[in-house]
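The values are calculated or read from the model by the stated rules, or taken from the named source; none is laboratory data. Owing to the predicted nature of the structure, the values given are computational and were not obtained by experimental measurement. Quick reminder, even Gly has a Cβ in these numbers, built from the backbone with ideal geometry, and neighbours come from all protein chains shown. Ligands, DNA and RNA are excluded from the accessible area calculation, which covers all protein heavy atoms including side chains. Shrake-Rupley method; radii C 1.70, N 1.55, O 1.52, S 1.80 Å.
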Amino acid sequence: MKKQTTKPTRRDFIRNTSLAAAGFFIVPRHVLGKGFIAPSDKLNIAGIGVGGKGESDLTAFAKSPNVNIVALCDVDDRQAKKSRERFSKANYYKDFREMLAKEKNNIDAVSVSTPDNTHAVAALAAMQLGKHVYCQKPMTHDIYEARVLTEAAKKYKVVTQMGNQGGSGDGVRKMKEIVDAGMIGEVHTVHCWTNRPVWPQGVPTPTGQFDVPSELDWNLWLGPAKQIDFNPAYLPFNWRGWWAFGTGSLGDMACHIMDPVYRILPIDFPSSVECSVATIWKEMWNDSANPDSCPPSTIVHLTYPRKDGKGNIKVSWHDGGLLPERPDELLPEEPMGNWDGGVIFEGTKGKIMADCYGANPRLLPTRLMKEKTMPKETIKRVPEGHYVQWVNACIAGYGKGETSSPFSFAGPFTESILISNLAIRSFLMKNPKGKGWDDKYLGRKKLLWDAKNMKITNFDEANQFVKREYRDGWSLSL
């Protein structure tokens, strides 16, 4: 059998060369001061997309004394300004591919906080270099991309985490303990809702000619998306409402609000999905549905087969100001969820509700939280938080640390969310052969999903939304 060799890591090199240079004079760590952490023991992180949420992500990582922020990348110098000032020693780039090529020997991990459009290509490029990855939610723009990144994390043996911070919260763990204890019986129905969008959706495609700001590389901002002219209507945040770049209300909030559903219940992938979509009328008998823009509000119904074989669980999603019916057990003046949204589990013995992020779980009626004895804590909490948990797992090494939303969890979860967007986009399709009202009902079906093959089996036209076509020069391949 061929003897296996291990390639020295950057830390091994630093450690060995430092010892050689010092000869036999080794300074005990206590002499250097309590809490001293050698540079070779720190995690060197590079940020891709460092404005807005990217800035707050990097700041959260930097709270750990074990972190160095060593490289920054953003296609828009205006967005990168605060991060460049905060992490002034970090090298700065506009193209993440250039950054990875030049910094690959200096970094251990990468944080991806770009628009959804670029999540997959940036995360995969980092993983292929053996770098640990933290990727903002939703993990990917497309169902196919989620499947690829899930496989990539396993293939390249890197530590991963999706940015759904509630997955590390105490709330979802407490909620799971209550459900697992049988306090509401077998869950059969779930209602989820959000106040999103809080940005323009269901609006006409922007028009007009505008000069690209000198600080922005528009071609890199587009990434794999189709080539379109620059328009300030998309930046810096409203890209969320456009299918080419974002994933709408579901992409923004379902990873937070549906996390308890996917984390607690014995489900995997849905077997079917159907939806309804709000219509905006621009004139009598003439709607203004725009295939480029996410709609203003939707309701989605998903059917999940239970993994234990005990039937199905129905999960419904509401957005754009639409809400499920208030439970009879909830008093008229009591809040349903919180401002961002919430989730309600209905079981054979009762109901439980939580806010966004799975926070503040409470039995319904809420007086039961005082009348009933809550189960003991059986699930390990994450006192260090979602960000530092990932940092610590990266330092421990693949297979040795733990994260709340590794891609093995976040990938299937993201696929499960994005199937709803597939249904929404199918609902909006028009029949090119139809006339009048007959052209409007092409995709308004209960869609049957073959998760193994990532395919709708009863409406082939919907499968174009499983995997988008990339622009020339961009690809996604293991």
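Figures for the structure shown
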item	result
Qualifying lysines (Cα of each under 19 Å from Cα of K104; at least 8 residues distant if same chain)	K7, K42, K89, K94, K131, K155, K157
Environment charge at R468 (Cβ cut-off 12 Å; Lys +1, Arg +1, Asp -1, Glu -1)	0
Estimated vicinal HN-Hα couplings, Hz - region 178-193 in sequence order (Karplus 6.51, -1.76, 1.60; Gly, Pro = x)	5, 5, 5, 6, x, 6, 10, x, 7, 6, 10, 9, 9, 10, 10, 8
In Hz, Karplus ³J(HN,Hα) per residue of region 201-218 (6.51, -1.76, 1.60; θ = phi - 60°; x = Gly, Pro)	9, x, 10, x, 5, x, 10, x, 9, 9, 6, 6, x, 4, 7, 10, 9, 5
Segment K433-K310, extension gain: residue separation times 0.36 nm, minus the distance between their alpha carbons	40.0 nm
Crossing angle, helix 77-86 versus the chain [Cα axis fit, 0-90 degrees, rounded to tens]	50
Read-out Rg and Dmax of the Cα atoms in Å, derived from the coordinates shown; its label in [x] 22.2, 81; [y] 21.9, 63; [z] 24.0, 87	[z]
Accessible solvent surface per residue of the chain, calculated while the other protein chains remain in place, 1.4 angstrom probe, Å²	48
Rounded, prolate or oblate (a/c below 1.5 giving rounded, otherwise prolate when a/b exceeds b/c) for region 335-435 by Cα gyration tensor	oblate
Nitroxide proxy distance, nm - points 7 Å out along Cα→Cβ at D217 and W281	4.9
Y262 - accessible surface, heavy atoms, 1.4 Å probe, Å² rounded to 10	30
Summed side-chain charge close to T279 - residues other than T279 whose Cβ falls under 13 Å, Lys, Arg +1, Asp, Glu -1	+2
Accessible-area composition of the chain, carbon plus sulfur, in percent [1.4 Å probe]	53
Helix axis angle, 10-22 relative to the chain longest principal axis, alpha carbon, degrees	20
Amide H within-cut-off set for I313, under 5 Å, with H built and near neighbours excluded	Y304, R306
Between region 311-376 and region 198-226, the alpha-carbon center distance in angstrom	39
Region 298-379: C-alpha gyration tensor shape, a/c 1.5 cut-off, then a/b vs b/c	oblate
Charge sum, other residues only, whose C-beta stays under 10 Å from R263's C-beta, Lys/Arg counted +1 and Asp/Glu -1	+1
K53 paired with D460, simple spin-label distance in nm, labels 7 Å along Cα-to-beta-carbon	3.6
Region 391-454 and region 145-188: distance between their alpha carbon centers, rounded to Å	16
Antiparallel DSSP beta bridges within the chain, as percent of all bridges there, nearest 5	60
Region 126-279: C-alpha gyration tensor shape, a/c 1.5 cut-off, then a/b vs b/c	oblate
Crossing angle, helix 53-62 versus the chain [Cα axis fit, 0-90 degrees, rounded to tens]	40
Calculated FRET efficiency for the pair L478/D180, C-beta based, R₀ 35 Å, to 0.05	0.45
Solvent-accessible area of I228 with every protein chain in place, 1.4 Å probe, in Å² to the nearest 10	40
Area accessible to solvent at E346, 1.4 Å probe radius, in Å²	40
Most to least accessible of K349, K174 (protein chains only, probe 1.4 Å)	K349, K174
Sequence of W239, W281 from largest to smallest accessible area, 1.4 Å probe	W281, W239
Which of L422, L442 is most accessible, then next, and so on - probe 1.4 Å	L442, L422
